[in-house]
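Down below is the structure, laid out as structure tokens.
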Amino acid sequence: MMTAARSADSGLATPGELDRYPFGEVPAADRVGAPVWDGADPDLGRVSRRAAGSRGRGLHGQLVQQLGQMIVSGDLGADRPLVPEEIGQRFEVSRTVVRESLRVLEAKGLVSARPNVGTRVRPVSDWNLLDPDIIEWRAFGPQRDDQRRELCELRWTIEPLAARLAAGHGRDEVQQRLSDMLEIMGHALGQGDGLTFARADAEFHSLLIQVAGNRMLEHLSGIVSAALQVSGSPVTGCERPNEASLAHHARILDALAGGDGTAAEAAMRQLLTVHPDVERVVPAPREH
């Protein structure tokens with residue numbers, strides 16, 4: 001899911017698409033590999049296989065990816081000091097690359113830098129859990145079950161509302177684009193092309209949120225896209241595209257075209273309960 005190149009035939013470019021850091025396009029000489037460390041800090045040497053072979057917009061992007069995954073996976077625990085000089089030496093990158101990478105991680109709430117204290121890993125409560133990168137890293141780490149449940153609950157909360165609002169704000173060009181996505185999904189289902197189906201599905205839902213006429217909901221479209229891309233990965237074990245899912249998308253589209261917000265909302269709820277994970281999680285509140 002994460003590193004597959006965009007389908008040339010589909011022409012899809014979904015918000016927050018996960019191939020935006022194509023590691024394969026980085027020259028081999030410029031890649032940050034998965035070095036075997038022999039220093040005093042062995043945890044920093046445990047770079048996951050996904051980190052070593054996934055996205056990297058040059059050295060900076062790769063280092064962000066690797067350190068981010070290591071923090072989220074717990075290899076680098078809360079309050080763990082991160083020494084820039086040591087990171088630079090271990091990964092064979094410049095101080096500038098390390099400094100910029102740590103700034104990105106700080107913006108995501110993963111680390112904090114303070115005078116006389118240095119850079120340290122922050123607790124989970126401080127992380128920006130709505131950041132698409134953190135969503136991805138959690139989904140492929142030891143927190144993946146919690147991540148999937150939380151994303152399902154978030155989708156259940158915002159998408160039915162977005163569908164109801166979108167029915168009153170439809171535009172012809174958006175309606176046509178949604179129709180195009182549905183057609184692509186149908187074709188992909190017939191061809192057994194799960195990747196193209198997932199990309200069209202992500203754009204369908206992102207477009208729907210964007211046309212709802214609520215700017216705060218619109219900002220959540222990237223999160224929904226990330227949720228769909230994560231759930232569409234075989235790593236998470238979610239269901240594959242099926243006829244029932246396609247039929248519910250068609251009902252949503254029909255309701256939007258007819259300006260029927262109530263029907264659009266109901267169809268969206270039916271769509272979300274098609275997925276086994278949502279059906280298990282949503283109807284009954286969790287015990288505390």
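The values are calculated or read from the model by the stated rules, or taken from the named source; none is laboratory data. The shown structure was predicted, so the numbers you read here are calculated from the model rather than taken from an experiment. Glycine gets a Cβ as well: all are built from the backbone with ideal geometry, and neighbour counts include every protein chain shown. These accessible areas exclude ligands, DNA and RNA; they are computed on the full protein's heavy atoms, side chains included. Shrake-Rupley method; radii C 1.70, N 1.55, O 1.52, S 1.80 Å.
If we scan region 150-164, do we find a residue that is over 22 Å from the mean Cα position of the chain (by Cα) and within 17 Å of ARG251 (Cβ to Cβ)?
Yes, because at least one residue in region 150-164 is over 22 Å from the mean Cα position of the chain (by Cα) and within 17 Å of ARG251 (Cβ to Cβ).
I'm checking my understanding of the structure. Among residues of region 192-216 that are under 15 Å from GLY261 (Cα atoms) and either of a type in the set (S, T, N, Q) or part of a helix (DSSP H, G or I) (or both), which one is most open to solvent (accessible area, probe 1.4 Å)?
Filtering region 192-216 for residues that are under 15 Å from GLY261 (Cα atoms) and either of a type in the set (S, T, N, Q) or part of a helix (DSSP H, G or I) (or both), the one most open to solvent (accessible area, probe 1.4 Å) comes out as ASN214.
Given the criterion out of contact with any Gly (no Cβ under 7 Å at 6 or more places or on another chain) and either open to solvent by 70 Å² or more (accessible area, probe 1.4 Å) or over 18 Å from VAL64 (Cα atoms) (or both), identify the matching residue among VAL104, VAL117.
Among VAL104, VAL117, only VAL117 is out of contact with any Gly (no Cβ under 7 Å at 6 or more places or on another chain) and either open to solvent by 70 Å² or more (accessible area, probe 1.4 Å) or over 18 Å from VAL64 (Cα atoms) (or both).
Just the residues that are modelled with pLDDT of 85 or more and touching an Asp or Glu at 6+ places or on another chain (Cβ under 7 Å), please, taken from region 127-160.
Listed by number, the list holds a single entry, PRO160.
Every residue in region 142-172 that is assigned to a helix (DSSP H, G or I) and within 13 Å of ALA257 (Cβ to Cβ), please.
Within region 142-172, the subset assigned to a helix (DSSP H, G or I) is 144-166, 172.
Result: ALA163, ALA166, ASP172.
Residues are listed down the side, and each one gets a yes or a no for (1) of a type in the set (A, V, I, L, M); (2) without any contact (Cβ under 8 Å) to a residue 60 or more places away in the chain; (3) farther than 15 Å from MET268 by Cα; (4) in contact with a Pro (Cβ under 9 Å, 6 or more places away or on another chain):
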| residue | (1), (2), (3), (4) |
| --- | --- |
| ARG148 | no, no, yes, no |
| PRO160 | no, no, no, no |
| GLU173 | no, yes, yes, no |
| GLN176 | no, yes, yes, no |
| ASP180 | no, yes, yes, no |
| ILE184 | yes, no, yes, no |
| HIS187 | no, yes, yes, no |
| ALA198 | yes, no, yes, yes |
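As an exercise: evaluate GLU86 against (1) assigned to a helix (DSSP H, G or I); (2) under 22 Å from the mean Cα position of the chain (by Cα); (3) modelled with pLDDT of 90 or more; (4) buried (at least 16 other Cβ atoms within 10 Å of the Cβ) and give the number of the one condition it does not meet.
Every listed condition holds for GLU86 apart from (2).
I want to confirm something. Restricting to region 67-121 and keeping residues that are touching a Phe, Trp or Tyr at 6+ places or on another chain (Cβ under 8 Å) and of a type in the set (Lys, Arg), which single residue is nearest to ASP133 (Cα to Cα)?
Among those residues, the one meeting the criterion is LYS108.
One line per residue, one yes/no per condition, for (1) under 20 Å from PRO132 (Cα atoms); (2) modelled with pLDDT under 85:
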residue: HIS187; (1), (2): no, no
residue: ASP193; (1), (2): no, no
residue: ILE223; (1), (2): yes, yes
residue: ASP254; (1), (2): no, no
residue: GLY258; (1), (2): no, no
residue: THR273; (1), (2): no, yes
residue: HIS288; (1), (2): no, yes
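On the given criteria, is SER101 among the hydroxyl-bearing types (Ser, Thr, Tyr) and farther than 30 Å from ASP146 by Cα?
Working: among the hydroxyl-bearing types (Ser, Thr, Tyr): yes; farther than 30 Å from ASP146 by Cα: no.
Criteria not met by SER101.
Does GLU136 satisfy the condition of being touching a residue at least 12 places away in the same chain (Cβ under 8 Å), assigned to a helix (DSSP H, G or I) and surrounded by fewer than 18 Cβ atoms within 10 Å (Cβ to Cβ)?
Considered against the rule, which asks whether it is touching a residue at least 12 places away in the same chain (Cβ under 8 Å), assigned to a helix (DSSP H, G or I) and surrounded by fewer than 18 Cβ atoms within 10 Å (Cβ to Cβ), GLU136 comes out as no.
Within region 115-123, does at least one residue satisfy the condition of being more than 17 Å from ILE87 (Cβ to Cβ) and within 17 Å of the chain's Cα centre (by Cα)?
no
Among the residues of region 161-185, how many are under 18 Å from LEU272 (Cα atoms) and modelled with pLDDT under 90?
0
Counting only residues that are closer than 16 Å to ALA212 by Cβ and open to solvent by 20 Å² or more (accessible area, probe 1.4 Å), how many does region 157-191 have?
11
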